[in-house]
Each structure stands twice: as structure tokens, then as C-alpha cells.
Amino acid sequence: MATSWGELADAIARGEIVATFSGWETMKKFAGDKGKMVEFIYPEEGTFAWLDNVCIVKDAPNLDADLKMANHVLSTESQLLVGEEMLQGIVSQTAIDALNPEAAALYPYADMDAFGASATFFPFPPLEDRDGLMSIARWNEEYERFKSA
């Protein structure tokens, strides 16, 4: 079990792991830096996706500053920094078009509609068991049990 994306990419580069159900597209870069090629295959049946968000809370006391910050994060300049330096996926088409080829190759930018249809977002577990869903507390208990096995 890897404790970080870098550690997982290292294990893949060493040949200790040949497949994983989870990862982060930047692992292609991490492994590539070690001379190994890693590719992602997104199952036809679909998979889950992760999305970082900028949120402004209701009744925010500094709404103008909050909106300015959110707009800055979405600016081409900031998106290029996130995409090229932090190696994260970005959302601004202007910035996507300006990405260097190495950063652009990390994510399926050429067909985001198809990617979005197969990589969906799932809500976090509920606080209490309901409708056949396990609560976050039970989810965490089972995860700890799995890790200790």
C-alpha cells in the first residue's frame, strides 16, 4: 500500500506494481522522470473523478475579495501555473490551449466531454447509515480494518 501518489509512482517505476484502481494523472510524469511510462485507462463502464473546488460560504464577510480571489484562480495565468507547475488538471480553455505539451499530455483535454461522461463524481458518504449506504464513520472503520489486514 502506497502512502502517497509519489510513492505509488515509484513502486510502479520499480516494477513492484503493474496496475492500480486509483491514481492521479501526474503519476505519468513522476514515473516518466524515472524512465518509465505509465498510462491511464479509463474503464468503458465508467470510473470516479476528483475535483478541487473554490467555494464561497453564504454570508461571507469579504465577498468582494472572495470573488476577486476566485476569479484570479480561474485566470489564464493562474490556471497555467496550476497545470504546468503543480501538474493538476485545469478548467480554463484558454489556459488548456496554452499548456506546454508535457503538461497537456497528462489529462484527456482533447475530449473532455467524453471523459466527463465516463468519469463521474460521487457524493461523500452520509454522516449516518441510510438507504443501504455506509456512514463516513463506518467507511473509515472499514478502511482502517483493511489497512491493518
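Quick check: anything in segment 108-125 assigned to a loop (DSSP other than H, G, I, E, B) and among the aliphatic types (A, V, I, L, M)? Let's see the steps before the verdict.
Narrowing segment 108-125 to residues assigned to a loop (DSSP other than H, G, I, E, B): 108, 121-125.
After this cut, where a residue has to be among the aliphatic types (A, V, I, L, M) as well, the list is none.
Within segment 108-125, not a single residue is assigned to a loop (DSSP other than H, G, I, E, B) and among the aliphatic types (A, V, I, L, M).
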Using the structure shown, decide if K68 is assigned to a loop (DSSP other than H, G, I, E, B) and either of a type in the set (F, W, Y) or more than 30 Å from A19 (Cβ to Cβ) (or both). no
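Does G46 fit the bill of being of a type in the set (G, A, S) and either within 18 Å of L106 (Cα to Cα) or in contact with a Gly (Cβ under 9 Å, 6 or more places away or on another chain) (or both)? Spell out how you get there, then give the answer.
Working: of a type in the set (G, A, S): yes; either within 18 Å of L106 (Cα to Cα) or in contact with a Gly (Cβ under 9 Å, 6 or more places away or on another chain) (or both): no.
Here the answer is no, as G46 does not meet what is asked.
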So if I check each of G83, G46, G89, which one is in contact with a Phe, Trp or Tyr (Cβ under 7 Å, 6 or more places away or on another chain) and either at positive phi or crowded, with 16+ Cβ neighbours inside 10 Å (or both)? G89
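Here is a list: E77, E25. Which entry is of a type in the set (D, E), under 14 Å from the mean Cα position of the chain (by Cα) and within 24 Å of A104 (Cβ to Cβ)? Give the steps one after another, and end with the answer.
Working: E77 fails: under 14 Å from the mean Cα position of the chain (by Cα).
Among E77, E25, only E25 is of a type in the set (D, E), under 14 Å from the mean Cα position of the chain (by Cα) and within 24 Å of A104 (Cβ to Cβ).
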Please list, ordered by first then second residue, the pairs with beta carbon atoms under 7 Å, 6 or more apart or interchain, first in segment 32-53 and under 19 Å from F21 (Cβ atoms), second modelled with pLDDT of 85 or more and in a loop (DSSP other than H, G, I, E, B). F40/E25
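Which count do you get for residues in segment 14-32 that are among the hydrophobic types (A, V, I, L, M, F, W, C) and either within 18 Å of G83 (Cα to Cα) or in contact with a Phe, Trp or Tyr (Cβ under 8 Å, 6 or more places away or on another chain) (or both)? Lay out the reasoning, then the answer.
If we filter segment 14-32 for residues that are among the hydrophobic types (A, V, I, L, M, F, W, C), which is where we start, we get 17-19, 21, 24, 27, 30-31.
Subset that is either within 18 Å of G83 (Cα to Cα) or in contact with a Phe, Trp or Tyr (Cβ under 8 Å, 6 or more places away or on another chain) (or both): 24, 27, 30-31.
Adding up the residues that qualify gives 4.
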Among the residues of segment 1-31, how many are in contact (Cβ under 8 Å) with a residue 40 or more places away in the chain and of a type in the set (A, V, I, L, M, F, W, C)? 1
Does any residue of segment 129-148 turn out to be surrounded by 10 or more Cβ atoms within 10 Å (Cβ to Cβ) and closer than 26 Å to F30 by Cα? no
Filter result for the condition that a residue is assigned to a loop (DSSP other than H, G, I, E, B) and not polar (S, T, N, Q), over A95, A60: A60
Just one of the numbered conditions (1) over 21 Å from M27 (Cα atoms); (2) surrounded by fewer than 10 Cβ atoms within 10 Å (Cβ to Cβ) is not true of F121; which one? (1)
Considering only segment 7-43, state which residues are loosely packed, with under 13 Cβ neighbours inside 10 Å and part of a helix (DSSP H, G or I). E7
Selection from segment 123-138 of residues at pLDDT below 85, among the hydrophobic types (A, V, I, L, M, F, W, C) and within 22 Å of the chain's Cα centre (by Cα) yields F124
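The values are calculated or read from the model by the stated rules, or taken from the named source; none is laboratory data. Just so it is clear, the structure is predicted and the values come from calculations on it, not from any experiment. Every residue, glycine among them, receives a Cβ derived from its backbone with ideal geometry; neighbour counts consider all protein chains shown.
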